[in-house]
Amino acid sequence: AGLLAAWALRNQASYFYVPADMAANPPEPGQAVRLGGMVENGSIKTRADGVTIDFIVGDGEARIPVVFSGIQPDLFVEGSGVVAEGSLGADGTFVATNLLAKHDENYLPRELEDMDAHQRREVVAETTE
């Protein structure tokens with residue numbers, strides 16, 4: 001049973017790469033992988049169709065161009081962390097099918113951004129009562 005489960009899961013596994021690893025040892029084109037790194041400042045470009053974007057994911061050592069077509073997560077912005085799920089194309093561009101945006105520990109919901117610390121505590125207290 002264990003061998004059967006391991007064999008079934010081997011096709012479901014998705015390897016995780018950072019740009020330096022992907023540049024040094026790229027996966028086979030079309031293999032499902034995840035690419036994680038930082039979205040470079042000034043790199044997000046929206047194509048004429050309005051839903052496809054091109055951007056660069058870097059890690060300080062290497063840069064990987066990424067293309068994604070779909071709805072972007074709210075937290076997806078330049079200078080933030082991202083994990084892109086997809087595959088590497090034959091031309092070296094990562095074709096993402098899903099984006100997972102990461103936020104830092106200082107994240108605040110949009111509704112609380114313009115409030116001071118006291119006002120935020122009151123709002124949180126009201127919602128937890």
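Looking across segment 7-41, the residues that are exposed (fewer than 10 other Cβ atoms within 10 Å of the Cβ) and either at pLDDT 95 or above or not in a loop (DSSP other than H, G, I, E, B) (or both) come down to Trp7, Ala8, Leu9, Arg10.
Residues that are closer than 21 Å to Tyr17 by Cβ and assigned to a loop (DSSP other than H, G, I, E, B) were ranked within segment 57-71; the one that is most open to solvent (accessible area, probe 1.4 Å) is Glu61. When Asp74, Asp54, Asp49, Asp104 are checked against the criterion of being assigned to a loop (DSSP other than H, G, I, E, B), at pLDDT 90 or above and in contact with a strand residue (DSSP E or B) (Cβ under 9 Å, 6 or more places away or on another chain), a single residue qualifies: Asp49.
Applying a threshold of 6 Å to beta carbon distances and a minimum spacing of six or more residues, or different chains, the list of pairs starting in segment 91-105 at a residue that is farther than 14 Å from Ala32 by Cβ and of a type in the set (Phe, Trp, Tyr) and ending at one that is open to solvent by less than 30 Å² (accessible area, probe 1.4 Å) and modelled with pLDDT of 95 or more is empty.
Kindly establish whether Ala90 is part of a loop (DSSP other than H, G, I, E, B), open to solvent by 100 Å² or more (accessible area, probe 1.4 Å), farther than 18 Å from Ala23 by Cα and modelled with pLDDT of 90 or more. So Ala90 does not fit the description; no.
The values are calculated or read from the model by the stated rules, or taken from the named source; none is laboratory data. Computed from a predicted model, the values in this text were never measured in an experiment. With ideal geometry, Cβ positions are generated from the backbone for all residues, glycine too; neighbour counts draw on all protein chains shown. Just so you know, the surface numbers come from the protein's heavy atoms only, side chains and all, with ligands and any DNA or RNA stripped out. Shrake-Rupley method; radii C 1.70, N 1.55, O 1.52, S 1.80 Å.
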